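These notes concern the structure reproduced below.
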Amino acid sequence: MDKASMNDVPRNMRRTGMLLFRNAFMEALQGDKLMCVVHAAHAAEILLKARIAQEHPLLIFSKLPKASSNQGTLTMVDLLEKGRTLSYEELPDQLWATTGIKLDKAEQYNKFGRLRNQLIHLAMPTNSERMDKLTIHYSLEVLDPLIERFWGRSVIDFITKDPDYYASFVQTGLLEDILRNILGIDQIDQRLRRLLGNNSEKAWKKLNEHLNGQYEFATDEEWQNWNNSKTHKELKADYEHWLALQPKNQQTMQMEDQDNWNAFLQSF
């Protein structure tokens, strides 16, 4: 097998997995109660495989193609067409066996996987809890700490460093506001505080000072519905409007942000 192509597998998987994880996290923040579960579990599968594949890409396979008499070497096409990779449930044991890393919250990991399977195969979750809330807890308590342990990165990095409209969630205080509504007002722990940064908290306080006057008579449920009501398109429009109000050198700053984002992706 071409060694160079095999060496690209872990890097491609972890980058794809993190972008999918970021999107699942944002879906959950905006109240997409079904697909966020499916996408978050899928991202976890890719990311755990990526870490195992760093030891050797063939370690993520539970079934390898059989050698034929007229075949020279194993190819990537053979693996894709005839191989079978480890399942979500099998990955924690393989991760431990190959890297020595154990999942701290294996039961929560497995429970979330069962929920994903219920949605995929039956479209009928047995859990009555909110799917978006479960996804946020799974992301911040199970998957993200594991990813930071693997590579020193967080899903929050993939939000704050993206120069599209994702970064505006932090800059405007919206990300912290939605997290506080989902997790509870006092549930921003030390790790999440470190990842969000102090500027996020300052922006959140400023946002609430501005909006309290407009929504001071709203109930908690109304306030949460307002936070979750905007679509990706509306949020992007808000961000573009914010950019239009910035100084004229904002375009130069945008280009620098894009370069920084590209460099960040290349480094991952």
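At a glance:
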quantity: Amide H partners (placed H, <5 Å) of residue 85, local residues excluded; calculated: 62
quantity: Residues residue 255 and residue 187, FRET efficiency given R0 of 35 Å [Cβ-Cβ distance, rounded to 0.05]; calculated: 0.40
quantity: Computed lengthening from residue 34 to residue 81, 0.36 nm per intervening residue step minus Cα-Cα distance; calculated: 14.0 nm
quantity: DSSP-assigned coil residues among GluC sites (Glu not before Pro) in region 55-117, each with at most 16 further Cβ atoms within 10 Å; calculated: 89, 90
quantity: For region 31-116, size of Cβ-based charge dipole, Lys and Arg +1, Asp and Glu -1, in debye; calculated: 140
quantity: Rough spin-label spacing in nm, given labels placed 7 Å along Cα→Cβ, for residue 133 and residue 121; calculated: 2.7
quantity: Estimated inter-spin distance, residue 93 and residue 141, nm [label 7 Å along Cα→Cβ]; calculated: 2.5
quantity: Solvent-accessible surface (1.4 angstrom probe) belonging to residue 121, in square angstrom, nearest 10; calculated: 140
quantity: Calculated FRET efficiency for the pair residue 105/residue 266, C-beta based, R₀ 45 Å, to 0.05; calculated: 0.90
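The values are calculated or read from the model by the stated rules, or taken from the named source; none is laboratory data. A quick note: this is a predicted structure, and the numbers were derived from the prediction, not measured. In this analysis, Cβ positions are derived from the backbone assuming ideal geometry, glycine residues included, and neighbour counts consider all displayed protein chains. Quick note on the areas: whole protein, heavy atoms, side chains included, nothing else; ligands and nucleic acids left out. Shrake-Rupley method; radii C 1.70, N 1.55, O 1.52, S 1.80 Å.
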